[in-house]
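The structure appears right after this line, and notes come after that.
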Amino acid sequence: MKVTQSAAVGTMALFLGCGGATSAENVAAAYPNMAPMARYLSTSRADEIALARSAAPAAISADAQILILGPKGYETAIEGKNHFVCLVVRPWANNFDSPDFWNPKVRAPHCFNAAGARSVLPTYLKRTEWVLAGVSKAQMLKRSQAALAADQIPVPEIGSIAYMMSKDGYLGDDVGGHWHPHLMFYLPRTTTAEWGANLRDSPVYGDSSALEPLTVFAVPVTRWSDGTPADMPAQ
């Protein structure tokens, strides 16, 4: 699926990558509230592990720590050996105003390096705790704003990265599935233009719209994690 650069940046999120141009009103109307928790869970432990590992090439994910989501939250299914952490991110990783925030179809495989696992991933895991505790989206927003004001949300460590190269993920209705394989780079909040992002013919997408104190850059790559070729996004 081809997605223009301007449309892709429009729905870039803290974790989930880039999106397309489906009507936000239509998607928001489809997912106004959280669905039953069972709809956000994988059909089996093995399926969740396999999808998490598909975020990165096997040379990385085979020795990574694997986190899986269950009714009580994320737990370690497999201990890692290489300091990478792979998991399947759910829709509440999106910005709070995203129409896909409660979309139960969203499955976004990520593999974080050590820096990303230390400084970026904990924010998502905390939000997941709130979701499982039944905290409303409005209250999660207030809690996040309070944590930000109290300097309790860390900025990303320099060198934080996540692999998002799975062809089996589903990032949202606006992209109709998995978008393109890409790498996500997390930096303390900065100006995207300083990195050449979102400019004509630039391969770099950038977004600073998240509440958290960071800027996310996405760089599409030419192959999926299993080595098969992928189309590059339209500029």
Which ³J(HN,Hα) values in Hz, rounded to whole numbers, follow from the phi angles of the stretch 193-201 under the Karplus curve 6.51 cos²θ - 1.76 cosθ + 1.60, where θ = phi - 60° and Gly and Pro get x? 5, 5, 9, x, 7, 6, 9, 4, 6
Per the C-alpha gyration tensor (a ≥ b ≥ c, the square roots of its eigenvalues), the stretch 74-207 is rounded if a/c is under 1.5, else prolate if a/b beats b/c, else oblate; here it's rounded
Could you list which residues have their amide H under 5 Å from that of Trp179, counting only those 5 or more apart in sequence or on another chain, with H placed in the peptide plane? Leu171
May I ask you to list the lysines whose Cα is less than 16 Å away from that of Lys126, ignoring any residue fewer than eight positions away on the same chain? Lys72, Lys137, Lys142
Residues whose placed amide H lies under 5 Å from that of Asp100, excluding near-sequence neighbours: none
Can you give me the Cα centroid spacing of the stretch 30-109 and the stretch 158-222 in angstrom? 18 Å
Can you run phi through the Karplus equation (6.51, -1.76, 1.60; θ = phi - 60°) for the stretch 132-149 and list ³J(HN,Hα) in whole Hz, with x for Gly and Pro? 5, 7, x, 6, 5, 4, 4, 6, 5, 4, 5, 5, 5, 5, 5, 5, 5, 5
Could you go through the stretch 43-57 in sequence order and give the Karplus-derived ³J(HN,Hα) for each residue, using 6.51 cos²θ - 1.76 cosθ + 1.60 with θ = phi - 60°, rounded to whole Hz, and x for Gly and Pro? 5, 8, 4, 4, 5, 5, 5, 4, 5, 4, 5, 6, 5, 9, x
With label points built 7 Å along Cα→Cβ from the Cα atoms of Thr43 and Lys105, find their separation and express it in nm. 1.7 nm
Taking placed amide H atoms and a strict 5 Å upper bound, the residues 5 or more places from Thr215 or on another chain that come that close are Leu187, Arg189, Thr190
Using just the alpha carbons, could you tell me how many Å³ per residue the convex hull of the stretch 56-133 encloses? 94 Å³
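Determine the shape class of the chain: with a ≥ b ≥ c the square roots of the Cα gyration tensor eigenvalues, call it rounded for a/c under 1.5, and otherwise prolate if a/b is greater than b/c, oblate otherwise. Don't jump to the answer; show the numbers that get you there.
Working: a/c = 1.19, a/b = 1.06, b/c = 1.12.
Rounded, because the longest to shortest axis ratio a/c is under 1.5.
Readers should treat all values here as calculations from the given coordinates under stated rules, not as data from a laboratory. Here the structure is a predicted model, which is why all the values come from computation and not from measurement. All Cβ positions, glycine included, derive from the backbone under ideal geometry; neighbour counts span all protein chains shown.
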